[in-house]
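In what follows, a single structure is set out as structure tokens and then discussed.
The values are calculated or read from the model by the stated rules, or taken from the named source; none is laboratory data. Everything numeric in this text was worked out from a predicted model, so none of it was measured. Positions of Cβ are backbone-derived with ideal geometry, glycine not excepted, and every protein chain shown enters the neighbour counts. SASA here: full protein model, heavy atoms, side chains in, ligands and nucleic acids out. Shrake-Rupley method; radii C 1.70, N 1.55, O 1.52, S 1.80 Å.
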Amino acid sequence: MKIELTRQKVHNEFAKKVELISGQNLFACYQCGNCTAGCPVAFAMEVGPHEVIRYTLLGLEDEAVGVNTFWLCASCLQCTSRCPKGIDIARVMDALRMVVLRKKERKDHIQIPEFPEGFLEKVPQIALVSGFRKFLS
Amino acid sequence: MPACAKARPYALCGWECQMDYLYFPGCTLYTKAKNFDQTARDCSLRLGFELKELKEWTCCGATFPLATDNIMALLPPSRILAKAREEGTALTTLCAICFNVIKRTNRLIQQDGEKRDKINNFIEKNYQGDLQVLHYLEILKREIGFPQLKEKVKKPLAGLKTAAYYGCMLLRPFEEMGFDDKEKPTLFEDFLEALGAKATEFPYKIECCGSFQSVGSPDVATECAYRILGSAIKNGAEAMVSTCPMCTFNIDHKQSDIKQKYLDFNPIPVFYFTQLLGISMGLDYQTLGFEQNAVDPLPLLKEKGFL
């Protein structure tokens, strides 16, 4: 993928929005990959958390919100705990979720009617409450 | 702290009843994790304190909002805190997620004046963050002390090789939780060793179980659980010990899914730490709620001669 860098692209509106919601300075990220290395669900991610941060900084909104990375984040804060630059990466992942869920289409990430039979009875409410908070608009 | 004047705990434990702790059970401890709630209450009586349930408690929200502009999600834990402050000065929880959400919210109210005002305005209270939020294990360590706990053990769990699984919410974020070391905690192992059990060291003890991904991407959560269990088994564990109903769902109730995917996987029982405490305190095993554990722990307990 060829990416042309311009001042406008690097200081883009999308990155500003993510920074505003997460309260984090994305420009502190120097792409060491510590977050991805320690992430317990990185095996299932299309790209690692550090790569999503890079996409965001380059203004590649479609690429950044089009991957499954932040949907798979379980907010376990391992990345946050290990980031050498002190970025709370779990907050960045949550901000990306919010960017998608707060769009005017209000498209949910999970569809409750599509749950398999007996699923709601099986899962403890602690998982349902937190899951719905993370995945529904 | 008011001294406990009730005759019941004194008669049960034989020790001077020291104090009551305000207790927030949380949603799952009233349904799918009744065994966690009940054993903790019973054990506390044996140890000389009582868990006094918070009146009219509500759900804590089960996640601390990570989006900085999401004040709404801070209101349920703030309400719980404000309510608890009217009744006492310390609030105890058992569930690691409730502990995390309530403790982080408490700290935010202490430190962020603007958010504190907004929250108080909304819930029509004047709560300043002056409540101590404790986990049950912290009470055992700080108020009772593990050496003293060891003396009270009636039935030591000798020969039981356990894996102390912390998960994430007890420990992280380290600066806010202050529970134990962020990479190499030992509090849980110290507790198990006080009960006479052996605590196996395994590298996945602070890894995430997949948490609410059991709703979003169940297969991913199953894989996380498999890695944790596999690591513990490889290091010689015969049973896992958990502090959280969410972790327990993922590492205990999902073992049947793991077995379907990995045919050579041998299920191991997962205990709440209060169940093991209950056995060692000499409580009748029929009151420990083992019927709610997905993998039946009774064969292992019989084999070890604890029943």
Checklist entry - Can we say residue B:182 is of a type in the set (Lys, Arg), touching a Phe, Trp or Tyr at 6+ places or on another chain (Cβ under 7 Å) and touching a residue at least 60 places away in the same chain (Cβ under 8 Å)? => result no
Checklist entry - Does segment B:55-76 hold any residues that are within 14 Å of residue B:26 (Cα to Cα), hydrophobic (A, V, I, L, M, F, W, C) and open to solvent by 20 Å² or more (accessible area, probe 1.4 Å), and which are they? => result B:57, B:59
Checklist entry - Looking at this structure, is residue B:116 over 22 Å from residue B:29 (Cβ atoms), open to solvent by 10 Å² or more (accessible area, probe 1.4 Å), more than 12 Å from every other protein chain (Cβ to nearest Cβ) and assigned to a helix (DSSP H, G or I)? => result yes
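When you look at residue A:77, is it open to solvent by 10 Å² or more (accessible area, probe 1.4 Å), within 10 Å of another protein chain (Cβ to nearest Cβ) and closer than 29 Å to residue B:252 by Cβ, yes or no? Break it down stepwise before answering.
Numbers: open to solvent by 10 Å² or more (accessible area, probe 1.4 Å): no; within 10 Å of another protein chain (Cβ to nearest Cβ): yes; closer than 29 Å to residue B:252 by Cβ: yes.
Judged against the criteria, residue A:77 is not a match.
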Checklist entry - Quick one: would you say residue B:280 is touching a Lys or Arg at 6+ places or on another chain (Cβ under 9 Å), under 30 Å from residue B:48 (Cα atoms), open to solvent by less than 10 Å² (accessible area, probe 1.4 Å) and of a type in the set (Ser, Thr, Tyr)? => result yes
Next on the checklist: Regarding segment B:78-96, can at least one residue be identified that is within 29 Å of residue B:207 (Cβ to Cβ), open to solvent by 10 Å² or more (accessible area, probe 1.4 Å) and within 14 Å of chain A (Cβ to nearest Cβ)?
Outcome noted: no
Checklist entry - Is it true that residue A:72 is crowded, with 22+ Cβ neighbours inside 10 Å, on the phi < 0 side of the Ramachandran plot and within 12 Å of chain B (Cβ to nearest Cβ)? => result yes
Checklist entry - When only residues in segment B:149-174 that are open to solvent by 20 Å² or more (accessible area, probe 1.4 Å) and within 14 Å of chain A (Cβ to nearest Cβ) count, which is nearest to residue B:274 (Cα to Cα)? => result B:169
Item to check | Subset of segment B:222-259 that is closer than 18 Å to residue B:294 by Cα and at the interface with another protein chain (Cβ under 8 Å from one of its Cβ atoms) - its residue that is farthest from the chain's Cα centre (by Cα) | outcome: B:223
Checklist entry - Can you find a residue in segment B:119-137 that is in a helix (DSSP H, G or I), surrounded by fewer than 18 Cβ atoms within 10 Å (Cβ to Cβ) and within 14 Å of chain A (Cβ to nearest Cβ)? => result no
Next on the checklist: Of everything in segment B:175-221, what is of a type in the set (Gly, Ala, Ser), in contact with a helix residue (DSSP H, G or I) (Cβ under 8 Å, 6 or more places away or on another chain) and either more than 13 Å from chain A (Cβ to nearest Cβ) or open to solvent by 10 Å² or more (accessible area, probe 1.4 Å) (or both)? Give them in sequence order.
Outcome noted: B:194, B:196, B:197, B:199, B:211, B:216, B:217
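Residues that are over 27 Å from residue B:156 (Cα atoms) and of a type in the set (A, V, I, L, M, F, W, C): which helices (runs of 4 or more DSSP H) entirely in segment B:173-232 hold 2 or more of them? It would help to see each step written out before you state the result.
On the way: elements: B:174-177, B:187-194, B:213-216.
Counting at least 2 such residues, we get B:174-177.
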Checklist outcome for this item: Of the listed residues (A:99, A:65), the one being within 13 Å of another protein chain (Cβ to nearest Cβ) and over 24 Å from residue B:98 (Cβ atoms) is A:99
Next on the checklist: residue A:112 - would you say it is within 11 Å of chain B (Cβ to nearest Cβ) and modelled with pLDDT under 95?
Outcome noted: yes
Checklist entry - Just for segment B:250-304: of the residues that are in contact (Cβ under 8 Å) with a residue 60 or more places away in the chain and small (Gly, Ala, Ser), which one is farthest from residue B:153 (Cα to Cα)? => result B:289
Next on the checklist: Residue under question is residue B:198, and the condition is that it be over 17 Å from residue B:100 (Cβ atoms) and either of a type outside the set (A, V, I, L, M) or modelled with pLDDT under 95 (or both); does it hold?
Outcome noted: yes
Next on the checklist: Against the condition crowded, with 18+ Cβ neighbours inside 10 Å and without any contact (Cβ under 8 Å) to a residue 24 or more places away in the chain, how does residue A:95 come out, does it pass?
Outcome noted: no
Checklist entry - Does segment B:242-263 contain at least one residue that is open to solvent by 10 Å² or more (accessible area, probe 1.4 Å), within 25 Å of residue B:195 (Cα to Cα) and assigned to a loop (DSSP other than H, G, I, E, B)? => result no
